[in-house]
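Worksheet: the structure to be examined is printed underneath.
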């Protein structure tokens, strides 16, 4: 009687999703770090002399200062230099604070003719602006500072005066060896943030709209602004192009060259987490040709942090002024979430990488046990 031959059945299970997510995060983290290093030390340094980057930045700063000089020349911006503070007059925040200080001094003492020059809104909208008039100033006061101004009367300039209650609070700030009350400080700061800065922004808006020529006639605001915008565009393009080049080189090294020349065809993150990718057909490592598929998909994964590459050069806050960098990152994050959902719902937890390469990701220990059993 013939004995039936029994087939040896060996089960092998995919690695846990949590472990693969850690490998995914490790890969994009390493890719981003390498991209930042390449950006700073190699790619950007090559591009720097090609476009005369330093000269461009210097010219940009020079033109930025011309805008401030325009405001200083027309005396609608003031700066009280203090050598102990070591602050440049081309820093807007302290200049606005000094301008506000003098402006409130006029409002408190609006009968003092020597202080009339500090009424910067009257000076711009009436004295400087073509076809300007005092009603424009009063309209702005109603719009942004109705709480603080008495609209039932006017000063010698025709502008609304500060209400008496605020004059009484603020006057102590301008008396030597005196100081405002706690309520006075609160109202003084509220007037600055809630009204003055909004009012001053209207000066900027009007200059952008109607332009302003320097007193010596050598340049206009619009010319300077357009020149700055052109230089900013060039500088931003350098950051963007260098970021993409550094990103591409980093991904080629980590997800193409490295897997191509190691026996297990895995990325650095997968090796750290002890994961292996094998073919579902024969349980052997995937062919080198399949690495191209994995490389392209891992490059999409790495786009999640693309916007972070120039951060050391431009700072985190400025990153979001470069949509060509952060929009692909947002799209990549969405793709990563979709990929995670696919991984969670499929029978063998297969992601797009496994589906396109007909492979499975397993733990190193599981694969070793498999080979022990079949040997």
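The values are calculated or read from the model by the stated rules, or taken from the named source; none is laboratory data. Remember, it's a predicted structure, so these values are computed and weren't measured experimentally. Glycine also receives a Cβ, built like all others from the backbone with ideal geometry; neighbour counts cover every protein chain displayed.
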Condition check for residue 226: modelled with pLDDT of 95 or more and surrounded by fewer than 13 Cβ atoms within 10 Å (Cβ to Cβ):
yes
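From 150, 187, grab the single residue that is surrounded by 13 or more Cβ atoms within 10 Å (Cβ to Cβ) and under 33 Å from the mean Cα position of the chain (by Cα).
187
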Just one of 139, 151 is at pLDDT 95 or above and either in a loop (DSSP other than H, G, I, E, B) or on the phi > 0 side of the Ramachandran plot (or both); which is it?
151
Tell me, please, whether a residue that is farther than 30 Å from residue 299 by Cβ and in a strand (DSSP E or B) can be found in the stretch 202-220.
yes
Looking at (1) touching a strand residue (DSSP E or B) at 6+ places or on another chain (Cβ under 9 Å); (2) within 20 Å of residue 197 (Cβ to Cβ), which is the one condition that is false for residue 110?
(2)
Out of the stretch 57-115, which residues are out of contact with any helix residue (DSSP H, G or I) (no Cβ under 8 Å at 6 or more places or on another chain) and closer than 21 Å to residue 216 by Cα?
61, 62, 65, 69, 71, 72, 73
Are there helices (runs of 4 or more DSSP H) fully within the stretch 305-370 with at least 2 residues that are farther than 25 Å from residue 33 by Cα, in contact with a helix residue (DSSP H, G or I) (Cβ under 7 Å, 6 or more places away or on another chain) and assigned by TED's automatic domain parsing to the domain that holds residue 241? List them.
323-345, 352-357
Mind listing whichever residues of the stretch 261-291 are surrounded by 14 or more Cβ atoms within 10 Å (Cβ to Cβ), free of Cβ contacts under 8 Å to residues at least 60 places away in the same chain and assigned to a helix (DSSP H, G or I)?
271, 291
Would it be correct to say that residue 197 is touching a helix residue (DSSP H, G or I) at 6+ places or on another chain (Cβ under 9 Å), assigned to a helix (DSSP H, G or I) and modelled with pLDDT of 95 or more?
yes
Search the stretch 245-260 for residues that are without any contact (Cβ under 8 Å) to a residue 12 or more places away in the chain and pair each with any residue that is surrounded by 15 or more Cβ atoms within 10 Å (Cβ to Cβ) when their beta-carbon atoms are under 7 Å apart and the residues are at least 6 apart or on different chains.
258/267; 258/268
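Conditions tested, residue by residue: (1) outside the structural domain of residue 130 (by TED's automatic domain parsing); (2) buried (at least 17 other Cβ atoms within 10 Å of the Cβ); (3) part of a helix (DSSP H, G or I).
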| position | (1), (2), (3) |
| --- | --- |
| 32 | yes, yes, yes |
| 36 | yes, yes, yes |
| 39 | yes, yes, yes |
| 42 | yes, no, yes |
| 48 | yes, no, yes |
| 59 | yes, no, yes |
| 70 | yes, yes, yes |
| 93 | no, no, yes |
| 97 | no, no, yes |
